[in-house]
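Each reported figure results from applying straightforward, stated rules to the coordinates on display, with no laboratory input. All values derive from a computational prediction rather than experimental measurement. Positions of Cβ are backbone-derived with ideal geometry, glycine not excepted, and every protein chain shown enters the neighbour counts.
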Amino acid sequence: MSTRLATGGRLLNKSKPLSFTFNGKRLRGFAGDTLASALLANDQMLVGRSFKYHRPRGIVASGAEEPNGLVNLGEEGRFEPNQRVTTTELFEGLAAQSQNHWPSLDFDIGAVNSRLSRFLPAGFYYKMFIHPRPLWKHLYEPFIRQSAGLGRAPTARDADTYEHFYFFCDVMVIGGGVAGLQAAKAAAVTGAKVLLVEQTAHWGGRALVDGGTVEGKPVDNFVEQIVSELETMPNVTLRKRLMGAGVYDHGYVLGYEQLRDHAPDTPGPRHRLWRIRAGHIVTATGAIERPLSFAGNDIPGVMLASAMRDYVVNYGVSSGDRTVVVTNNDDAYLTASALVNAGLRVPAILDARVLAEDSPAMAEAKALGIRVLMGHGIASVKGTKRVTGVGVCSQAGEGAVLEEVACDAVAMSGGWSPVVHLWSHCGGKLVWDQAQAHFKPDVDKSPTGAAGEAFVTPAGAAAGPLHLGDVLTSADQAGKDAAKALGFKPKRRKCPVGETPDEAPMQPVWLMPQGAGAELRSKAWLDYQNDVKVSDVQLAAQEGFESVEHAKRYTTLGMATDQGKLSNINGLATLAGSLGSSIPEVGTTTFRPPYTPISMGAIAGEARGEVFQPIRRTPMHDWHEANGAEWEPVGHWRRPYAYVRDGESTYDAVMRETKNTRENLGLLDASTLGKLIVKGPDAGRFLDMLYTNMMSTLKPGKCRYGLMCSENGFLIDDGVVARIDEDTFLCHTTTGGAERIHQHMEEWLQTEWWDWKVWVANVTEQYAQVAVVGPNARKALEKLGGMDVSKEALGFMEWADGELAGFKVRVYRISFSGELSYEIAVEASQGQAFWDALMVVGHDLGVMPYGTEALHILRAEKGFIMIGDETDGTVIPQDLGLDWAISKKKDDYLGKRALERTHMTDPNRWKLVGLETLSGAVLPDGAYAVGEGINANGQRITIGRVTSSYHSPNLGRGIAMGLVLHGPDRMGEVLEFPGTEGATFKARIVDPVFYDKDGEKANV
Amino acid sequence: MSEPVTALGGVSSDARIAAIAEAPLQGMITLRADLSDSAVKKAAKAAAGADVPGPGTVHLGDESGLCWMSPDELLLLCPYAEVTETLERLQKALVKTHALAVNVSDARASFTVTGPRAREVMGKLCPVDFAPDRFAPGMFRRTRMAQVPAAIWMSADETFRIVCFRSQAQYVFDLLTVAAQPGSEVFSDGKTPALA
Amino acid sequence: MLILTCPVCGVTAEETEFHGGGEAHLTRHGPGSSDDEFQSYLFMRENPRGVHFERWRHVYGCGKWFHAARCTTTLEVFGTYPAQTTEPPKDLRKTISQKRPGWTWRDLT
């Protein structure tokens, strides 16, 4: 059993006990525990079930590489699935639940898959479910979906907050082990601004567990001293619980800081995503131990040797009473010694190597009385939910069991692989190190930055060296190199000398025993989480998936949430073996960020709730809100859709507003319309190029409706242009068009006609603009008092500056409704007061505010087009019968040449018409009219579509506009529009101007 | 005319790691002109009482000043009550020059972020290096603040001034209050690291 | 994510402050141009593996358009220069030649 030892646990605060629950069971741990160490201390080795076969899974590792220990953590607003127990710090009240089993962790129905594993080889799903085709949709997919997925999706809204933080430094060092600390110091003493980050809550990394001396003193002293030194340097920023998640182009690094995962009830954001720009990056990310591939290596109790050592030394936890150590290198001997020194039993060390003489580690183990069997390995592990023993065999043989050794844990070590992820994220290349049997950074092929410079330097174990002395030298050099690359002058300081006992060379072991037969290979796991075994990778190779990327996807090796941190190298070594190639020939799969999964909340940062997106508000926004406005998003603007009164439906409100505007007086908040000032001696010439019609001939004091096309000839915007004076125009754009058209203007002025004398300024938000619309509009303005707004003084399509009720105003007599209408601009800071004044004087005139839906109906009744309804980026002015707004006199304007292209002049382009249903019903928006015959895809031929459709309360029937093949030539014809659910609408082609065809109402 | 109002009515929030407040109405004039033209320099100086600043800088008086927006654009600051008069003076001085001067006072909202941790708050929202050795009073930066454009300068050692579009005032205020939420301190000593 | 230096205001900033605008140095063809010329102007674009000239706008900054010479494979930025020109400046082309001997782009070398 695994348990808490009476002594040991350098990270624990034993005076601070904590209680937590696992699957509802109340358990105890200490401050300083990880959830993994606390579970082990409570003899909870079994923590989950594997993804495919639902095999029992125990804790294997002690850090970010853990593939098995994934739990649902927290409750309700703090619930999160797939949290690694090895990186979760214990806190009071922590609640964890194991995943991927039903009905319980101990008894799981899905484990039947394990019995069937012989029939569920690599690619099983691809092969099995492809035939017969119809079964996929109705049977297979629903079933697979049921059983797919690890953990549960949260249902409650996330109770926490998150944020981003932009940070800039010269040198960023990722990893706070001895290498990171030394590299940071070497860089910092040059004066460079240094950021050092460590993903765990502790400085010093593995060295504090593994031991050794620096300058003759225990490595602990070195760590303590260098940390306190760095802490006093003003140019150094030290962050713990901050993981370097990804390295990107031009020195961009994402840092994932877990602020409150260990203390969820304190106020403040839970995670902070650091968006770092570093001049140079040092990856001091250490190395990860590899498992060995022997039968039964997935049974709970089989762990990485280094992890088992961590649990004893850091947390005072034994993973088992009797532990067999199996290894191909000296490092695992440290575990054997640590266990024995902690009073635990190590019945045997099985060392796959055959060596001429003992290394110091072996000698020490033997001196402790441990039995060491050289040239031996494990044939298979006994047990199901927990190791009960191992069958010992000769590594050179085929797995004949020489003896059985009873044990309840196995510590394995297949050698160490540098963590090259961050080096590789942005294109750093790798090289195979034959002696250590691992891939390490090829320092000559670093990722390159904005100036083509190498911007990442690996340090310590992440660069390849695994022993303390070499690690420190490598890191010191990396820190100096990083600073030097940025122009800082490295100090000639001696690197501290680190010492550990000499080690005998490791020998690569990719399968144990070397000649293991099919039976054993099908039980030798590579990927614990996704259930990929040696036999699966061999099958993939046999079936022709020779590329490592293909084999990965076919077998799902390394595709689980741990992204193959343990399985990758063993998997590709197996693939290489099957293909008869060398490992470097096979190569690695791609390392992609983030290093370990980061929360969606951290990615979103502050962008949630109220600040999810930048909602834009007009100066009268609050009034609208207080007066029943239902909002319509138009770009980021919020415009009132309708003002709904008590007891009224939205539809009723729209009808009421539409009718009232025609009959009495309507007010529309038109502040969102874009307003661009265009000024200069070349302003007229410029606008002639931008609009399809002639603007340079417009007289000061007058307004003209204009259309804008892209160079492609398609309509992009429309609006009324007012000429302010000889040199100055004010161009109105659509709502949401202001920024776009402003940029459009600037683009042409800056990049094509940069010698033209034109200035543009966007004054959209300087003004609140109110459309005062309806038969009583003039009366209302007269009641406000001030400037002359009579027909004579201010005719249709004219504007004037003046005063109304003491407000400084600019009044445009323009109409988008066909009614007598004034659009009045006042300064935004006066907007609400002016609106209030209009509501007061309008009281006796039947004033009602109206929203965008009434605006739409009013304009549709008049056959006025709307950009975005009648246009969709493929519509040209001629399609909409707007030929009158296209100047024939101009030599050039944007879109003119395009409109001469054959497709644009095709007489078969669909053209705008009005549509009236025979029944008076409302046509579905977007419905298509069908013609005779079918097209090449077997679909009905379409001959038109509805672009706008409303019920008109003023006409008492449905009205619509649409684009129809030869439409204007087919007046009176009846078209058929299939709707949804079998309904068909019949509509007659009519003139698009439905109401007041002669325009008498506006002309008063 | 009625009493002019700011977008958010002078809202503020103190119980945070920095004090956030909407600034009172500020006269602002956009001047588009060739800033290398001596007539333009002279007119701008006369109107604002400050020399035309160079790229990335601002020249500030008490309530007036000039901000460098681009090689052909200045943002002129003046007391809100004087904006009409200042604009007229400016336009008159530039009547023979190809220039555009418009009042944008009401098109903008303005905020202050104050306190030892103001730099931290700003650093959460803008992709800009706000370390004391990189950004200081006298500098001017147009950038992105979360999802909207903003112009930023420091009116004192621990005070940032932010100008954004009026329609986005609520968004920017909410952003700042979220970024300054209690418990969101970044550096334990309250000092954004800088080179000595 | 790239960092670019705006040649107009001198600010070096991350990519989110900018907006890409496609290929640089297009010649506008308007009325009077042949169908081929016009189609080429509207639709035909370089798609190089290596040296490329692009348009960028400092959209959240000074608002100005500028040009950048960039390597599409390594993302190295050889330099940026103002938009008011019809071809890349000579000294920039020289710099590129030093870093990428034998480069070509359209008819430039």
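Would you work out the relative contact order for segment A:849-1004, in percent, from Cα pairs under 8 angstrom that are 6 or more residues apart?
Values: 268 pairs, mean separation 43.7, N = 156.
About 28 percent, as a whole number.
What percent do you get for the relative contact order of chain A when only Cα pairs under 8 Å and 6+ apart count? Let's see the in-between values first.
Values: 2439 pairs, mean separation 90.0, N = 1004.
Value for chain A: 9 percent.
Taking amide H positions as placed in the peptide plane 1.01 Å from N, state which residues far from residue A:31 in sequence (5 or more) or on other chains have amide H under 5 Å from it.
A:13, A:16, A:18
Gap in Å between the Cα centre of segment A:336-394 and the Cα centre of segment B:1-35?
If you average the Cα positions of each part, the centres end up 74 Å apart.
If each DSSP helix of 4+ residues adds -39,500 (n - 2.57) and the sum is divided by the residues in chain C, what number results at 222 nm, nearest 500 deg cm²/dmol?
Details: 2 runs with 19 residues, N = 109.
Value at 222 nm, helices only, nearest 500: -5000 deg cm²/dmol.
Shielding by partners for A:824-830, please: the mean number of other protein chain Cβ atoms within 10 Å of each residue's Cβ. Numbers along the way, then the final one.
Working: counts 0, 0, 3, 7, 12, 13, 6.
Across the residues of A:824-830, the mean count of other-chain Cβ atoms within 10 Å is 6.
Of all DSSP beta bridges in segment A:291-414, what percent run antiparallel (nearest 5)? Before the final figure, lay out the partial values.
Details: 11 of 28 bridges.
If we restrict to bridges inside segment A:291-414, about 40 percent are antiparallel.
With a point put 7 Å past each Cα toward its Cβ, work out how far residue B:38 is from residue B:51 in nm, to one decimal.
1.6 nm
What do you get for trypsin sites (Lys or Arg not before Pro) in segment B:1-110 restricted to DSSP loop and a cutoff of at most 10 other Cβ within 10 Å of the site's Cβ? If you can, show how the numbers build up before the last one.
Working: sites: B:16, B:32, B:41, B:42, B:45, B:89, B:92, B:96, B:108; in loops: B:16, B:96.
Hits after loop and neighbour filter: B:96.
Counting only C-alpha contacts under 8 Å and six or more residues apart, can you give the relative contact order of chain C as a whole percent?
Values: 166 pairs, mean separation 26.3, N = 109.
Answer for chain C is 24 percent.
With each run of n ≥ 4 DSSP H residues scored as -39500 (n - 2.57), what mean residue ellipticity at 222 nm is computed for chain A after dividing by its residue count and rounding to the nearest 500 deg cm²/dmol? Let's see the in-between values first.
Numbers: 25 runs with 219 residues, N = 1004.
The helix-only estimate for chain A comes to -6000 deg cm²/dmol at 222 nm.
Starting from segment B:34-85, pick out the GluC sites (Glu not before Pro) whose DSSP state is loop and whose Cβ has at most 16 other Cβ atoms within 10 Å.
Working: sites: B:63, B:73, B:82, B:85; in loops: B:63.
Taking segment B:34-85 and a limit of 16 other Cβ atoms within 10 Å, the loop GluC sites (Glu not before Pro) found are B:63.
Over chain C, with a Gaussian network built from C-alpha contacts below 10 Å, which listed residue (C:30, C:63, C:50) shows the highest mean-square fluctuation?
C:30
In nm, to one decimal, how far is the residue A:15 label point from the residue A:550 one, both placed 7 Å along Cα→Cβ?
Result for the modelled spin labels: 6.4 nm.
Where the centroid of each part is defined by its Cα atoms, how far is segment C:63-109 from segment A:672-724 in Å?
One Cα centre to the other: 35 Å.
Among rounded, prolate and oblate, which fits segment A:291-414 when a ≥ b ≥ c are the square roots of the eigenvalues of its C-alpha gyration tensor, a/c under 1.5 means rounded, and a/b larger than b/c means prolate? Walk me through the intermediate numbers first.
Details: a/c = 1.70, a/b = 1.07, b/c = 1.59.
The shape class here is oblate.
Hey, for a label at residue A:608 modelled as a point 7 Å past Cα toward Cβ, could you say which residues of segment A:58-86 have their backbone N under 11 Å away?
A:77-79
Shielding by partners for A:444-455, please: the mean number of other protein chain Cβ atoms within 10 Å of each residue's Cβ.
Details: counts 0, 0, 0, 2, 4, 5, 11, 5, 8, 1, 0, 0.
Going residue by residue through A:444-455 and averaging, the value is 3.
Can you tell me the 0 to 90 degree angle between the C-alpha axis of helix C:90-99 and the longest principal axis of chain C, rounded to 10?
Roughly 70 degrees between the two axes.
Hey, got the average number of other protein chain Cβ atoms within 10 angstrom for residues in C:75-81?
Numbers: counts 9, 8, 5, 3, 1, 0, 0.
Mean partner shielding for this stretch: 4.
Among the listed pairs A:791/A:888; A:896/C:90; B:45/C:64; A:217/A:445; A:702/A:1001, which have their C-alpha atoms separated by more than 28 angstrom in this model? Intermediate values should be presented prior to the final figure.
Working: A:791/A:888 31 Å; A:896/C:90 35 Å; B:45/C:64 24 Å; A:217/A:445 37 Å; A:702/A:1001 20 Å.
From the list (A:791/A:888; A:896/C:90; B:45/C:64; A:217/A:445; A:702/A:1001), the Cα-Cα distance tops 28 Å for A:791/A:888; A:896/C:90; A:217/A:445.
For each pair in A:757/B:42; A:429/B:124; A:523/A:552, compute the distance between the two Cα atoms and list the pairs where it is over 25 Å.
Values: A:757/B:42 20 Å; A:429/B:124 33 Å; A:523/A:552 19 Å.
Long pairs (Cα-Cα over 25 Å): A:429/B:124.
Among C:39, C:84, C:98, determine the one that fluctuates most according to a GNM of chain C built with springs between C-alpha atoms less than 10 Å apart.
Judging by the Gaussian network model, the answer is C:39.
Show which lysines lie in cross-link reach of residue A:193 when reach means a straight Cα distance below 16 angstrom and same-chain residues fewer than eight apart are skipped.
A:185, A:480, A:484, A:489, A:491, B:191
Enumerate by residue number the chymotrypsin sites (Phe, Trp or Tyr not before Pro) in segment B:130-196 meeting two conditions: DSSP loop (anything except H, G, I, E, B), and at most 15 other Cβ atoms within 10 Å of the site's Cβ.
Those satisfying the criteria are B:187.
May I ask for the distance between the Cα centers of segment B:164-188 and segment A:271-318, given as a whole number of Å?
One Cα centre to the other: 38 Å.
Within straight cross-link reach of residue A:889, meaning Cα distance under 18 Å, which lysines are found once same-chain residues fewer than 8 apart are removed?
Output for residue A:889: A:699.
Please determine, in degrees from 0 to 90 and to the nearest 10, the orientation of helix A:178-188 with respect to the longest principal axis defined by the Cα atoms of chain A, where the helix direction is its Cα long axis.
50 degrees
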